[in-house]
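Engineer: Handing you a structure now.
Bear in mind these aren't lab numbers, they're just calculated from the coordinates by the rules spelled out. Quick caveat, the model's predicted, so the values are computed rather than measured. Every residue, glycine as well, gets a Cβ built from its backbone with ideal geometry; the counts of neighbours run over all protein chains shown.
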Amino acid sequence: MNRRDALRKTGLLAGSAVAAPSLLSLLQSCSQTPRLGWTPQFLNEDQAQFISSFVDTILPKTDTPGALDVKTDMFLDLVYAKMYSPERQAKVKADIDQFNADCKAEYGKVFAELSAEEKSTCLKNHEANTAKFNRGVWGTAVGDQKPVAFYRQLKSQALWGYFSSEEIGKNVLNYDPIPGEYRGCVPVDEIGKVWSL
């Protein structure tokens, strides 16, 4: 082997040793980047990724469909776009951005980029430290309602969107399009699945 070939091979070996970690981290970052499979009508892409990641974390796919399977994230985006006043729309966007900023300050990443364990820890902290909705009677809250944080509001909306979907109403919950007789006193063990609304 001549000296030029030896220097060339040594240079290639040194270059690949320096470049390999950078290429691996680039490949890992591409595989971990969440992608949206839909175009938001109201939210920007980062905010839509937050909503998708949030609903998927609290309602993941198990033996029943998850929130993403029934498009709860798309439903919430549509609700924000069509039903919210401009003031409420601005508040939702500001709240999402603040939630992501808090995650970035605590974990170094926005919510959608956190690991499953970090997402779980983040949501458990919010669950423990935010005011809850008062119990209600026929849709009316009992007592004075303390202000409810964005986390709790979004969780409630996600549950509403999920359980209001046709897929869940017909195939997961009990569904009887033409109800029969009223039986007011039935043992709980005979009930089975929860009834759809």
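Engineer: Shape of region 47-115 from its Cα gyration tensor (a ≥ b ≥ c, root eigenvalues): rounded if a/c is under 1.5, otherwise prolate when a/b > b/c, or oblate? If you can, show how the numbers build up before the last one.
Structural biologist: On the way: a/c = 3.39, a/b = 1.06, b/c = 3.21.
Verdict is oblate for region 47-115.
Engineer: Would you work out if region 127-179 is rounded, prolate or oblate? Take a ≥ b ≥ c from the square roots of the eigenvalues of the alpha-carbon gyration tensor; rounded if a/c is under 1.5, else prolate when a/b is larger than b/c, oblate otherwise. Don't skip to the answer; put the middle values down first.
Structural biologist: On the way: a/c = 3.85, a/b = 1.81, b/c = 2.13.
Since a/c reaches 1.5 but b/c is at least a/b, the shape of region 127-179 is classed as oblate.
Engineer: Same structure, new question: Please identify every one of the chymotrypsin sites (Phe, Trp or Tyr not before Pro) in region 50-141 that sits in a loop by DSSP and has no more than 15 other beta carbons within 10 Å of its own beta carbon. Display every interim value, and only then the final one.
Structural biologist: Details: sites: 50, 54, 75, 80, 84, 99, 107, 111, 133, 138; in loops: 84, 133, 138.
Qualifying residues, ordered by number: 84, 133, 138.
Engineer: Another question about this same structure. Take residue 150 and residue 164, extend 7 Å from each Cα along the Cα→Cβ direction, and tell me the distance between the two endpoints in nm.
Structural biologist: 2.1 nm
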